[in-house]
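Engineer: Dropping a structure here in structure tokens format, bear with me for questions.
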Amino acid sequence: MTATRYVREGTLAVLEIDNPPVNALSGLVISGLIEGFDKFERDEDAAALVLRCRGRTFVAGGDIAMFDDPAFSPAPFNDLLNRISASPRRVVAELFGTVLGGGLELALACHFRIACENTRFALPEIRLGLIPGSHGTQRLPRLVGLAEAGRMISTGEMIDTGRALEIGLIDLIADSADAVAIATLSPRPVAAQAEGAPEVLRNLADAAQLRIHEPAYQAIAETLAAAAQLPFEKAAEVEADWFRRLLPSAPARAQRYLFFAERRSAEVPGLSRGAATRAVERVGVLGAGMMGVGIALSFALAGLPVTLSEVEQSRIDAALERIEGTLAGMVRRGRLSEHAAQACRNRISGAVGIKALSQADLVIEAVFEDMAIKLDVARELGRTCKPGAIIATNTSTLDVDVIAAATGRPQDVVGTHFFSPAHVMRLLEVVRGRETAADVLSTVLGIARRIGKTVAVSGVCYGFIGNRMAEVYMRESEAMQLEGASPERIDGVIEDPAWLGMAMGPSRMLDMAGVDVGARTVIEWIASGEGPQEPAYRALCRRMFETGSHGQKAGYGYYRYEGRKALSNPAHAALAAELAELHGVVHRNDLTEREIFERLLYPMVNEAAHILAEGIAARGSDIDVVWTAGYGFPRWRGGPLFMADEIGLPEIVARLDHYAARDGDPHGYWQVSPLLRSLAAQGGRISSWTGKGERE
Ligand code: T1G
């Protein structure tokens, strides 16, 4: 299969790329482009050259799969771009779809860029821990100025055709380039050096300082400064040097790993990509609380009609009001056009009673997280939903198999753990019950992608993947609070990018989510006999639950709040001391930052190894997808397992053994998973482990 083709269309030469699915710049494509341009240079009576792509989009970037190859270099492609740019005959890019990264850089080297409506443009390399490596940091600012280029390169965000025309990124909006258009277009001036106010460079330098652990931001600051101060050739060397340094860096490797991990996580071993699915035209959501409203919005924003059902009209009215407020906010913030908001409103209807969902193809119950209530609802849904309808239970920890059995049609049931706010959070944990039918699972995975979710498939266990690991993370956070460390010190260590860089530490996260929400499930778990039975287990959150210390919404929890401002909470410190006394926990003054970091991360890695060994998660990278998409684990770390591999599994096992030996391990919390120990012994990596025991 040739990935490129050189043909003549009258006086125009056409160099066509055909490399499905997104015309990525593979080695084959690049060599084909070089050969094609050689032909154009020999083809002297061709008036101009058109660069065109077949398929669904113009080039969507360099082939990310190539970047781990030590032999990879953008130099051959970059040399071609310089030849295109220097060509005495016109070279025109015909743009459509998503013109990204190296694809936009290819277009920037051309003399003209013609795009059809609905084309989108970006230099998203920063999302891979990189910078544009094919003169994008030089050609873009010289064409559109430093401010616009700096914004595009440092956010990686897409702009649409209208904006691209407005800033001069493209020359014409048309479906294709014809000889007349090409002949009449007047060359757009490209500055010798980028213009733009010096404060743009200062802002980029400040941003780089703030994100010192992500070197790509320093690279953006320095390459754009070069674009403003150096001749092109010299400035291009600054870009090349940075690109070469960033490619093997841990943040870049971590984000390349996540790019593919997030696409792999939707694949279920044993379930082929083309597996049968059930048609879903209408969605029903039972329960119009915050979660139900978010779930309804997720589907309606993606174009699916939704019926929101509640037990009384007043709750429906309140929910529709909340939906209106959310949509208005999205329009106000420019996240949604008024037209799209209106279309979304029109897709959502409210109805009293579960019968209103009897014709839905997919029903998601988002009632209160209480097993007794869920079982009543499950029984009623089992009777009410039409044959073949899928019943999804939105739960964060409850046993999906028990709920499925109560419906009387367990093959139609699946767990869908949305993260709040459901229309914002990207992660959706899809919980496969023991009897969940294959077509139910493949349908829900397809629907999840349609509503823009990043999925991870979990088996049934307490807390599934994310919350089960979060439980050990919270356990150690509270244990250290009983030993005398404050919530702010513990959160501060884990939020510090020098240690990990979590968006939010454990106590801050619990206060925001509501201490009562988490505490209730822990109390139920302990009461069920499944959870730890030691009296001190999560004693803090249980007492806080009883005393109404429920976090931000109560004005106090682990922290004291003035509005949203979290302050040290003396009452909490007193409670911790009282419970330490009660449970005989020895106060410690020697708790180091290293110990805080290790006791929060390493037990999570160990729990992940149990989750993998039990088959709850199919692959290590699925677990990293859960934590980076749903829990604020920094993407430039790749996730807890990628980070564990970077630290080294032998070190992690040694430290787990150390804490077990130092503190004794009466409850087995520090028992190293046999899988983790064997991977450490074999020099294996847990992030690339799959159920088959092979590297992916
Ligand atoms: N390289 C390799 N594979 C890619 C790819 C890429 N750039 N982009 C997509 N794919 C694969 C993806 O893995 C999936 O494969 C299939 O295409 C469909 O993707 C030198 C160095 C284009 C908006 O960062 O943003 O250029 O799972 O499921 O939702 O300066 O893909 O089917 O086997 O995401 O419709 C810069 C990344 C690279 C763009 C389409 N470019 N891609 O979204 O489909 S760095 C990017 C995307 C660079 C230069 C630098 C999206 C998309 P499979 P998909 P989608």
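The values are calculated or read from the model by the stated rules, or taken from the named source; none is laboratory data. Predicted model only: the values in this text are computed from it and were never measured. Please note: Cβ atoms are built from the backbone with ideal geometry, for glycine as well, and neighbour counts cover all protein chains shown. Remember, those area values only see protein heavy atoms, side chains included, never the ligands or the DNA or RNA. Shrake-Rupley method; radii C 1.70, N 1.55, O 1.52, S 1.80 Å.
Engineer: Go through (1) buried (at least 20 other Cβ atoms within 10 Å of the Cβ); (2) under 24 Å from residue 217 (Cα atoms); (3) away from the ligand (no atom under 16 Å from the Cβ) one by one and return the number of the condition residue 147 breaks.
Structural biologist: With (1) buried (at least 20 other Cβ atoms within 10 Å of the Cβ); (2) under 24 Å from residue 217 (Cα atoms); (3) away from the ligand (no atom under 16 Å from the Cβ) applied to residue 147, the lone miss is (1).
Engineer: Also: Have a look at 207, 226, 236, 194 and point out the one that is open to solvent by 20 Å² or more (accessible area, probe 1.4 Å) and either in the same structural domain as residue 140 (by TED's automatic domain parsing) or of a type outside the set (D, E, K, R) (or both).
Structural biologist: 207
Engineer: Right, another one. Hey, can you tell me all the residues within region 194-227 that are out of contact with any helix residue (DSSP H, G or I) (no Cβ under 6 Å at 6 or more places or on another chain) and over 30 Å from residue 499 (Cα atoms)?
Structural biologist: Selection gives 195, 197, 198, 199.
Engineer: Only one of 588, 594, 599 is part of a loop (DSSP other than H, G, I, E, B) and over 20 Å from residue 429 (Cβ atoms). Can you tell me which?
Structural biologist: The conditions single out 588.
Engineer: Which is of a type in the set (Val, Ile, Thr) and at pLDDT below 95, of 625, 605, 586?
Structural biologist: Selected residue: 586, the only one of 625, 605, 586 that is of a type in the set (Val, Ile, Thr) and at pLDDT below 95.
Engineer: How many residues, within region 522-559, are under 30 Å from the mean Cα position of the chain (by Cα), closer than 14 Å to residue 511 by Cα and open to solvent by less than 60 Å² (accessible area, probe 1.4 Å)?
Structural biologist: 7
Engineer: Here is a further query. When residues of region 101-140 are filtered for being in a strand (DSSP E or B) and either over 18 Å from residue 162 (Cβ atoms) or away from the ligand (no atom under 14 Å from the Cβ) (or both), how many remain?
Structural biologist: Within region 101-140, residues that are in a strand (DSSP E or B) and either over 18 Å from residue 162 (Cβ atoms) or away from the ligand (no atom under 14 Å from the Cβ) (or both) number 4.
Engineer: Checking the condition more than 21 Å from residue 14 (Cβ to Cβ) and in the same structural domain as residue 180 (by TED's automatic domain parsing), which residue from 54, 89, 83, 120 passes?
Structural biologist: 120
Engineer: What residue, among those in region 389-424 that are open to solvent by 40 Å² or more (accessible area, probe 1.4 Å) and not in a helix (DSSP H, G or I), is modelled with the highest pLDDT?
Structural biologist: So, considering only residues that are open to solvent by 40 Å² or more (accessible area, probe 1.4 Å) and not in a helix (DSSP H, G or I), the one modelled with the highest pLDDT is 408.
This table checks each residue for (1) open to solvent by 20 Å² or more (accessible area, probe 1.4 Å); (2) farther than 30 Å from residue 401 by Cβ; (3) of a type in the set (S, T, N, Q); (4) touching a strand residue (DSSP E or B) at 6+ places or on another chain (Cβ under 8 Å).
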position	(1), (2), (3), (4)
561	yes, yes, no, yes
571	yes, yes, no, yes
575	yes, yes, no, no
598	no, yes, no, no
613	yes, no, no, no
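Engineer: Next up: Which residues, taken from region 553-582, are of a type in the set (Gly, Ala, Ser) and within 21 Å of residue 483 (Cα to Cα)? Before the answer, list the steps.
Structural biologist: Looking only at region 553-582, we keep the residues that are of a type in the set (Gly, Ala, Ser), and these are 554-555, 557, 563, 566, 568, 571, 573-574, 576-577, 580.
Listed by number, the residues that qualify are 557, 568, 571, 573, 574, 576, 577, 580.
Engineer: So in region 438-475, with the set limited to residues that are over 23 Å from residue 295 (Cβ atoms) and in contact with a Phe, Trp or Tyr (Cβ under 8 Å, 6 or more places away or on another chain), which one is nearest to the ligand (Cβ to nearest atom)?
Structural biologist: Per the stated criteria, the residue is 469.
Engineer: Looking only at residues that are in contact with a strand residue (DSSP E or B) (Cβ under 8 Å, 6 or more places away or on another chain) and open to solvent by 10 Å² or more (accessible area, probe 1.4 Å) in region 33-52, which one is farthest from the ligand (Cβ to nearest atom)? Even if it seems obvious, please write down each step before you answer.
Structural biologist: If we filter region 33-52 for residues that are in contact with a strand residue (DSSP E or B) (Cβ under 8 Å, 6 or more places away or on another chain), which is where we start, we get 33, 35-37, 39-40, 43, 46-52.
Now drop any that are not open to solvent by 10 Å² or more (accessible area, probe 1.4 Å), which leaves 35, 39, 43, 47, 52.
Working: 35: 19, 39: 24, 43: 27, 47: 30, 52: 18 Å.
The selected residue is 47.
Engineer: If we scan region 202-209, do we find a residue that is of a type in the set (A, V, I, L, M, F, W, C) and outside any helix (DSSP H, G or I)?
Structural biologist: For region 202-209, residues of a type in the set (A, V, I, L, M, F, W, C) and outside any helix (DSSP H, G or I): absent.
Engineer: Answer yes or no as to whether residue 93 is more than 8 Å from the ligand (Cβ to nearest atom), open to solvent by less than 10 Å² (accessible area, probe 1.4 Å), assigned to a strand (DSSP E or B) and closer than 26 Å to residue 187 by Cα.
Structural biologist: yes
Engineer: Suppose we filter region 641-696 for residues that are in a helix (DSSP H, G or I) and open to solvent by 30 Å² or more (accessible area, probe 1.4 Å); how many remain?
Structural biologist: Count: 16.
Engineer: Here is a further query. Against the conditions (1) more than 15 Å from the ligand (Cβ to nearest atom); (2) open to solvent by less than 70 Å² (accessible area, probe 1.4 Å); (3) modelled with pLDDT under 95, where does residue 3 fall short? Just the number, please.
Structural biologist: Against the list (1) more than 15 Å from the ligand (Cβ to nearest atom); (2) open to solvent by less than 70 Å² (accessible area, probe 1.4 Å); (3) modelled with pLDDT under 95, residue 3 comes up short only on (1).
Engineer: Check 171, 175 and return the single one that is touching a Cys at 6+ places or on another chain (Cβ under 6 Å) and either of a type in the set (Asp, Glu) or surrounded by fewer than 16 Cβ atoms within 10 Å (Cβ to Cβ) (or both). Don't jump to the end; show me each part of the working.
Structural biologist: On the way: 171 fails: touching a Cys at 6+ places or on another chain (Cβ under 6 Å).
Residue meeting the stated conditions: 175.
Engineer: Residue pairs, Cβ under 7 Å, 6 or more apart or interchain, first in region 367-379 and under 16 Å from residue 290 (Cβ atoms), second of a type in the set (Gly, Ala, Ser). List them.
Structural biologist: Every condition considered, the pairs that remain are 367/287; 369/396.
Engineer: Please tell me if residue 309 is open to solvent by less than 40 Å² (accessible area, probe 1.4 Å), assigned by TED's automatic domain parsing to the domain that holds residue 365, under 25 Å from residue 422 (Cβ atoms) and free of Cβ contacts under 8 Å to residues at least 60 places away in the same chain.
Structural biologist: Judged against the criteria, residue 309 is a match.
Engineer: Right, next: Considering only region 210-223, state which residues are open to solvent by 30 Å² or more (accessible area, probe 1.4 Å), among the aliphatic types (A, V, I, L, M) and touching a residue at least 40 places away in the same chain (Cβ under 8 Å).
Structural biologist: 212
Engineer: Same structure, new question: Considering only region 75-84, I want to know if a residue exists there that is farther than 30 Å from residue 195 by Cβ and either within 16 Å of the ligand (Cβ to nearest atom) or more than 34 Å from the chain's Cα centre (by Cα) (or both).
Structural biologist: yes
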